[in-house]
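The values are calculated or read from the model by the stated rules, or taken from the named source; none is laboratory data. Every value quoted in this text rests on a predicted model; they were computed, and no experiment measured them. Every residue, glycine as well, gets a Cβ built from its backbone with ideal geometry; the counts of neighbours run over all protein chains shown. To get the accessible areas, we keep the full protein, side chains included, count just its heavy atoms, and leave off ligands, DNA and RNA. Shrake-Rupley method; radii C 1.70, N 1.55, O 1.52, S 1.80 Å.
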Amino acid sequence: MGALFSLLRFAASLGSKAAATVLLVAYIVSPVDLIPDIVPLVGAVDDIGLFVLWLQTVLNIDVFSIAKNIVGRLLFGAVVLLLLWYFKSLLADASRMETSPNEI
């Protein structure tokens, strides 16, 4: 992985974004991988890692800040959904208590 990183960085530093893109596509398409693609889920890790590296070095996109922003929004959405679910259950309990007959 270190050699591929160095090769991709070198191609990007020369200003040859096309060469770095060709190297990335050739690696992803080739049957030779660091982690074989036949391994479920894990086989795509090296391909995804190189794609993220390509985005950072060639296109100068800060992928980690984008991912952090997405994760932050997902966590905020999850908290909102949990709060709505909690308040809905409280309201359901309150309405059940009002409609149930009082036993003496």
Since residue 58 meets every condition but one in (1) in contact with a Ser or Thr (Cβ under 9 Å, 6 or more places away or on another chain); (2) modelled with pLDDT under 75; (3) surrounded by 11 or more Cβ atoms within 10 Å (Cβ to Cβ), which condition does it not meet? (2)
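A quick yes/no check of all residues on (1) part of a helix (DSSP H, G or I); (2) open to solvent by 50 Å² or more (accessible area, probe 1.4 Å):
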| position | (1), (2) |
| --- | --- |
| 32 | no, yes |
| 36 | no, yes |
| 39 | no, yes |
| 44 | yes, no |
| 48 | yes, yes |
| 53 | yes, no |
| 73 | yes, yes |
| 79 | yes, yes |
| 82 | yes, yes |
One residue from 32, 52 being among the hydrophobic types (A, V, I, L, M, F, W, C), within 17 Å of residue 6 (Cα to Cα) and free of Cβ contacts under 8 Å to residues at least 60 places away in the same chain: 52
When the stretch 1-29 is checked residue by residue, the ones that are modelled with pLDDT of 75 or more, among the small types (Gly, Ala, Ser) and more than 19 Å from residue 61 (Cα to Cα) are 26
